[in-house]
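S.K.: Before we start, here is the structure in question, set down as structure tokens.
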Amino acid sequence: MNENKYTIAMIFIFLAGCARQPEQFSQSTTAMGTLLDQQLAAYPILEDNVYLTLKNFEFVREVEGFSLFRGDGSNADPQLLYSASPTATGTGALGIAFDEVDDYVLVFDPPIRRWSAYNTLLLGIFIEEIQQKCDIEIADAAGKTIKIPFSLTQGWNKLQIDLDDVGRKIDIEKIETMRFSFRRIGDTRIFIDDLILIDDQKKTTNEDSGKPVKKDTISAPSWNPDWDQNDL
């Protein structure tokens, strides 16, 4: 009799353990779904297109990601911090605290150097001031550069850079650095989120076959300094 009770108890423990697993999976799926929904809402160009996230700063302990950003030595290194608010999407962004200086340069060493498989770069920059000038300079391994000027407004600026244009000036097979040059900075903070590479000439699925297809008739829009004023 005691043996039967022991067997029944073990069965209940086993079933209880099995019952908890779908709940854990569901929570994880919901969190990922929420981030994906936010990204699609913020950047409609992602819908059905092939893309690769370079950085989105979702985790407090993403120290490795922070090490990809640094000063250029012309001024004191900026203080890098995890920010739960504001964020462009998800639960985190990279915050940069600047001292009061006229100009500041932040260098990003991308974890993925080969950008030739993509034709668009997205990123979000948040500024606290009413207006701020920012030059984004992309350099290849040979030292060739292209500088792209942006005029940022208060809040989140959703920037889009045409890598086809960039590829005419530098070798996007071997990207070395991205430099963010901010002019006329006071004692302020700037936030960066969602560095995403996109191939918007490819769909992830075909409506009929469900297989990847090429959209040869679609070309990426060219960057311009006022792009941040428009929705993507």
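The values are calculated or read from the model by the stated rules, or taken from the named source; none is laboratory data. Bear in mind the structure is a predicted one, so any value in this text is a computation, not a measurement. Methodologically, a virtual Cβ is constructed for each residue, glycine included, from the backbone with ideal geometry; neighbour enumeration extends over all protein chains shown.
S.K.: From (1) at pLDDT below 90; (2) surrounded by fewer than 20 Cβ atoms within 10 Å (Cβ to Cβ); (3) touching a Phe, Trp or Tyr at 6+ places or on another chain (Cβ under 6 Å), pick out the condition that doesn't hold for Asp199.
M.R.: Going through the list (1) at pLDDT below 90; (2) surrounded by fewer than 20 Cβ atoms within 10 Å (Cβ to Cβ); (3) touching a Phe, Trp or Tyr at 6+ places or on another chain (Cβ under 6 Å), Asp199 breaks only (1).
S.K.: Every residue in the range 125-148 that is farther than 14 Å from Leu106 by Cβ, of a type outside the set (A, V, I, L, M, F, W, C) and modelled with pLDDT of 95 or more, please.
M.R.: Selection gives Asp140, Gly143, Lys144, Thr145, Lys147.
S.K.: Same structure, new question: Among the listed residues Leu68, Leu94, Leu81, Leu52, identify the single one that is at pLDDT 75 or above, aliphatic (A, V, I, L, M), assigned by TED's automatic domain parsing to the domain that holds Asp194 and over 27 Å from Arg183 (Cα atoms).
M.R.: Leu52
S.K.: Any residue that is in the same structural domain as Asp194 (by TED's automatic domain parsing), charged (D, E, K, R) and surrounded by fewer than 14 Cβ atoms within 10 Å (Cβ to Cβ) - is there at least one of those in the range 157-165?
M.R.: no
S.K.: Also, I was wondering about something else. Those residues that are loosely packed, with under 15 Cβ neighbours inside 10 Å and touching a strand residue (DSSP E or B) at 6+ places or on another chain (Cβ under 8 Å), I need them from the range 87-100; list them, please.
M.R.: Those that are loosely packed, with under 15 Cβ neighbours inside 10 Å and touching a strand residue (DSSP E or B) at 6+ places or on another chain (Cβ under 8 Å): Ala97, Glu100.
S.K.: Inspect all residues belonging to the range 108-117 and state whether any of them is surrounded by fewer than 22 Cβ atoms within 10 Å (Cβ to Cβ), at pLDDT 85 or above and closer than 14 Å to Ser181 by Cα.
M.R.: Looking through the range 108-117, at least one residue is surrounded by fewer than 22 Cβ atoms within 10 Å (Cβ to Cβ), at pLDDT 85 or above and closer than 14 Å to Ser181 by Cα.
S.K.: List pairs: first in the range 38-54 and without any contact (Cβ under 8 Å) to a residue 12 or more places away in the chain, second part of a helix (DSSP H, G or I), Cβ under 8 Å, 6+ apart or cross-chain?
M.R.: Filtered contacts from the range 38-54: Leu40/Leu46; Glu47/Leu40.
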